[in-house]
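Just so it is clear, none of the values below were taken in a lab; they were calculated from the coordinates. Model, not experiment: these values are computed from the prediction. We place every Cβ from the backbone using ideal geometry, glycine too, and count neighbours over all the protein chains shown.
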Amino acid sequence: MKKNTILTHVGRRPQDHHGVVNPPVYHASTVTFPTVAELEASDATPFEGVRYGRTGTPTTFAFEEAVAALEGGDGAVALPSGLAAIAVSLLAFLKSGDHLLVADNVYFPTRRLCRKYLAEFGIETTYFDPLIGGGVADLVRPETKVVFLESPGSLTFEMMDVPAIAEVARAAGVITAMDNTWSAGLYFKPFDHGVDISIQAATKFIVGHSDAMLGVATTSNALIGKVKATANAFGYAAAPDDCYLGLRGLRSMGPRLARHEETGLRVARWLEARPEVELVLHPALSSCPGHEIWKRDFTGACGLFGVVLRDAPKRAVTAMLDGLELFALGYSWGGFESLIIPTYPAKARTATTWPHSGPSLRLHCGLEDADDLIADLEQGFARFNAAL
Ligand SMILES: *Cc1c(COP(=O)(O)O)cnc(C)c1O
């Protein structure tokens, strides 16, 4: 099945629910068993079937089944946020004395988790240049257990040579985990490129409507038991209403992403031609570092990208952003509405230095009409120039 068909059909069985198209939301803590034998038999397979609310309900399993099919993995684990999915995927495979390799362009809370909590647990992290490719081999040590990727980085948008890095990792017995939120699982097939665990902040495109927090880690049969056991041991359980919203979001995600892509590219190309703009950081544009890799490995782009402006005082940037009418100021992305934030990439890296001195922005192009978004930005640049 192609991806849009998977998104439409996987994870629902109307005949099991009176013919109703969508699976119902099961709210559960307690699950009862008819006999002692059946109660105790369920202990033998603690992460299979419906046995206690924390290990999942039929709503959770429907969501996990659909995401696993989308990503191309054997199974998925739903978690209460994208960051929880990252934390559980790392904690499942790391212990005191282990070493972790993390791309320098990683989502900032991932870096904070490694720098503070994993370090306190005795797990050492080395950050590496996202453009390193197979050169990552020089950083692998006997105690390296996981390499963590994010491509493109959700702040600076460099593309990583995922197959080259994953090949080095596999040869060394190191697990490759990747934050695949930007592609939404639609535009990059992690398991075809050597990734072992694909993680998404389902909060973003899967939910798609800015109204629920949800994460998901997809992996192979060989690794999923450890991910499930870790999630359960730490007490993480995705709420059934949020899994329902994730499942509902998946049904329309294909056409939504196509629209985000089209609008994002129109806005990015318009920005590229503006005199105030130094560089547009959009992997589908040939000027973006790693564009050739995007062309080789990805089949599309979402509407999230960055812009580096020519040197300007902060007051010009705030004058531009404060007056925008359609682009709202806010974290997160992937919803139907456009968002913009100022970004400070130089502060969030240690293995590489950010080469640009001008202010930078991150835009999420939503489902509005591209002409209206461009007009909003055009008025923004008028305020920017008036404030110089
Ligand atoms: C938002 C985000 C996350 C975290 O997801 P939450 O659901 O907000 O915890 C992880 N990775 C990336 C790239 C993100 O943008």
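Report the relative contact order of the chain, percent, no decimals, based on alpha-carbon pairs under 8 angstrom and at least 6 residues apart. Write out the running numbers ahead of the final one.
On the way: 812 pairs, mean separation 66.5, N = 388.
With pairs under 8 Å counted, the relative contact order is 17 percent.
Quick one: which residues, 5+ away or cross-chain, put their amide H under 5 Å from the amide H of L279? H built at 1.01 Å from N.
The list, which skips near neighbours in sequence, is V308.
222 nm [θ] for the chain, helices only, -39500 (n - 2.57) per DSSP H run of 4+, per residue, to 500? Mind dumping the intermediate values first?
Working: 12 runs with 133 residues, N = 388.
One gets -10500 deg cm²/dmol as the mean residue ellipticity at 222 nm.
Go ahead and set up a Gaussian network model of the chain, Cα springs under 10 Å, then flag whichever of A351, A69, A238 fluctuates most.
Comparing A351, A69, A238 in the GNM, the peak value goes to A351.
Taking every pair of distinct Cα atoms and averaging 1/r, then inverting, what Kirkwood hydrodynamic radius in Å comes out for segment 253-386? Walk me through the numbers before you get to the answer.
Working: mean 1/r = 0.0657 Å⁻¹.
For segment 253-386, inverting the mean 1/r across all distinct Cα pairs yields 15.2 Å.
For the chain, give me the percentage of DSSP beta bridges that are antiparallel, rounded to the nearest 5 percent.
Values: 24 of 43 bridges.
If we restrict to bridges inside the chain, about 55 percent are antiparallel.
Within straight cross-link reach of K95, meaning Cα distance under 19 Å, which lysines are found once same-chain residues fewer than 8 apart are removed?
Once the sequence-local lysines are set aside, what remains near K95 is K116, K145, K226, K228.
Which of these, S151, S210, S183, has the largest mean-square fluctuation under a Gaussian network model of the chain (Cα springs below 10 Å)?
Most flexible of the set in this elastic network: S210.
At 0.36 nm per residue, minus the direct Cα-Cα distance, what do A382 and N22 gain on full extension? Give it in nm, one decimal, please. Intermediate results must be reported in sequence, preceding the final value.
Working: separation 360, 0.36 × 360 = 129.60 nm, distance 4.79 nm.
Full-extension gain reported as 124.8 nm.
Taking a ≥ b ≥ c as the square roots of the Cα gyration tensor eigenvalues, with a/c under 1.5 meaning rounded and otherwise prolate when a/b beats b/c, else oblate, which class fits segment 24-177? Write out the running numbers ahead of the final one.
Details: a/c = 2.35, a/b = 2.01, b/c = 1.17.
Prolate is the answer for segment 24-177, as a/c is 1.5 or above and a/b outweighs b/c.
Hey, with R₀ at 25 Å, roughly what FRET efficiency would R13 and Y52 work out to, going by the Cβ-Cβ distance, to 0.05? Don't skip to the end; give the middle numbers.
Working: r = 23 Å, r/R0 = 0.90.
Step by step, r from the Cβ atoms, then E = 0.65.
Checking the cross-link filter: which aspartates and glutamates have an alpha carbon closer than 14 Å to that of K347, excluding same-chain neighbours under 8 positions apart?
Output for K347: D104.
Once both axes come from the Cα atoms, what is the angle between helix 162-171 and the longest principal axis of the chain, in degrees from 0 to 90, rounded to 10?
Taking Cα atoms only, the helix is inclined about 40 degrees.
Once fully extended, how much extra length lies between D322 and T350, figured as 0.36 nm per residue of separation less the alpha-carbon to alpha-carbon distance?
Numbers: separation 28, 0.36 × 28 = 10.08 nm, distance 3.07 nm.
Full-extension gain reported as 7.0 nm.
If you line up the Cα atoms of the chain on their principal axes, what length do they span on each, largest first, in Å?
76, 53, 35
Helix 58-71 sits at what angle to the longest principal axis of the chain, using alpha carbons and giving 0 to 90 degrees rounded to 10?
Tilt of helix 58-71: around 50 degrees.
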